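Contents: one structure, followed by commentary.
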Amino acid sequence: MPVRVQTADFDVSAELAALRAQRPQVGAVACFVGTVRDVNAGVGVSGMTLEHYPGMTERALESIVASARARWNLDDVLVVHRVGELRPLDQIVLVAVTSAHRGEAFAACEFVMDWLKTQAPFWKKEATPQGARWVDARETDDAAAARWGAGAVPNAAPEPQRR
């Protein structure tokens, strides 16, 4: 259950290769890579600063991963999230899930990302032509996390669901 918060970029291919190395039981790898856009809410973005609360952020991510592992039959889960100064096209986050079957890998990957967006303590400040602005939580992110139900609360032991 690797969880890392770092300033350095990551190599998606190397991360996925390491995640499945020497694991012949893995039949599926699902991943999501989030990147910095140059426009948000119709306004140009020249850069972004991501802040976090060290220690608390890693614990929150580990709790989200543990909740996914309790819900689906997974081989492993990887979360790498960058902090610091980022520019458009830079990678922000990698969520990768390995499992014997694609359905569990897809569902767990989406679940982890949905919960990360709403439950992990990260703060984003965008640089725009009008000046710096903090990015508020989106209702669409809350709705995405809510669809997983009350059993999705990190640290809970939800009933396994098959999607």
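The values are calculated or read from the model by the stated rules, or taken from the named source; none is laboratory data. Computed from a predicted structure; not experimentally measured. Please note: Cβ atoms are built from the backbone with ideal geometry, for glycine as well, and neighbour counts cover all protein chains shown. Surface accessibility is based on the protein's heavy atoms, side chains included, excluding ligands, DNA and RNA. Shrake-Rupley method; radii C 1.70, N 1.55, O 1.52, S 1.80 Å.
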Checking residue 50 against (1) of a type in the set (A, V, I, L, M); (2) in contact with a Gly (Cβ under 8 Å, 6 or more places away or on another chain); (3) open to solvent by 70 Å² or more (accessible area, probe 1.4 Å), the condition it does not meet: (3)
Counting only residues in the stretch 1-52 that are under 16 Å from the mean Cα position of the chain (by Cα) and polar (S, T, N, Q), the one farthest from residue 103 (Cα to Cα) is identified as 7
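Could you list, in sequence order, all residues of the stretch 1-22 that are of a type in the set (A, V, I, L, M, F, W, C) and loosely packed, with under 15 Cβ neighbours inside 10 Å?
1, 8, 12, 14, 17, 18, 21 - these are the residues of the stretch 1-22 that are of a type in the set (A, V, I, L, M, F, W, C) and loosely packed, with under 15 Cβ neighbours inside 10 Å.
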Evaluation of residue 34 against (1) small (Gly, Ala, Ser); (2) touching a Lys or Arg at 6+ places or on another chain (Cβ under 8 Å); (3) within 19 Å of residue 115 (Cα to Cα); (4) surrounded by fewer than 17 Cβ atoms within 10 Å (Cβ to Cβ) (one fails), failing number: (2)
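Quick check on the stretch 69-85. Is at least one of its residues touching a Gly at 6+ places or on another chain (Cβ under 8 Å), open to solvent by 10 Å² or more (accessible area, probe 1.4 Å), hydrophobic (A, V, I, L, M, F, W, C) and closer than 20 Å to residue 36 by Cβ? Break it down into steps so the answer makes sense when it comes.
Kept after step one, since they are touching a Gly at 6+ places or on another chain (Cβ under 8 Å), are these residues of the stretch 69-85: 71, 85.
Of the ones still in play, those that are also open to solvent by 10 Å² or more (accessible area, probe 1.4 Å) are 85.
Remaining after also requiring hydrophobic (A, V, I, L, M, F, W, C): none.
No, the conditions are met nowhere in the stretch 69-85.
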It is to be established whether one or more residues within the stretch 113-133 are at pLDDT 95 or above, within 21 Å of residue 65 (Cβ to Cβ), in a helix (DSSP H, G or I) and open to solvent by less than 20 Å² (accessible area, probe 1.4 Å). no
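Restricting the search to the stretch 103-152, which residues are among the polar types (S, T, N, Q) and in contact with a Pro (Cβ under 7 Å, 6 or more places away or on another chain)? Give the derivation first.
The initial filter retains those residues of the stretch 103-152 that are among the polar types (S, T, N, Q), namely 118-119, 128, 130, 140.
The one that is among the polar types (S, T, N, Q) and in contact with a Pro (Cβ under 7 Å, 6 or more places away or on another chain): 119.
Criterion first (open to solvent by 10 Å² or more (accessible area, probe 1.4 Å), at pLDDT 95 or above and either of a type in the set (Ser, Thr, Tyr) or not in a strand (DSSP E or B) (or both)) does residue 103 satisfy it? First the steps, then the outcome.
Values: open to solvent by 10 Å² or more (accessible area, probe 1.4 Å): yes; at pLDDT 95 or above: yes; either of a type in the set (Ser, Thr, Tyr) or not in a strand (DSSP E or B) (or both): yes.
Against the criterion (open to solvent by 10 Å² or more (accessible area, probe 1.4 Å), at pLDDT 95 or above and either of a type in the set (Ser, Thr, Tyr) or not in a strand (DSSP E or B) (or both)), residue 103 qualifies.
Step by step: first the residues of the stretch 105-131, then only those that are charged (D, E, K, R) and free of Cβ contacts under 8 Å to residues at least 60 places away in the same chain, then the one that is farthest from residue 143 (Cα to Cα). Which residue is that? Talk me through it step by step, then tell me what you get.
Narrowing the stretch 105-131 to residues charged (D, E, K, R): 110, 114, 117, 124-126.
Subsequent filtering for residues that are free of Cβ contacts under 8 Å to residues at least 60 places away in the same chain retains 114, 117.
Values: 114: 9, 117: 11 Å.
Among residues in the stretch 105-131 that are charged (D, E, K, R) and free of Cβ contacts under 8 Å to residues at least 60 places away in the same chain, the one farthest from residue 143 (Cα to Cα) is 117.
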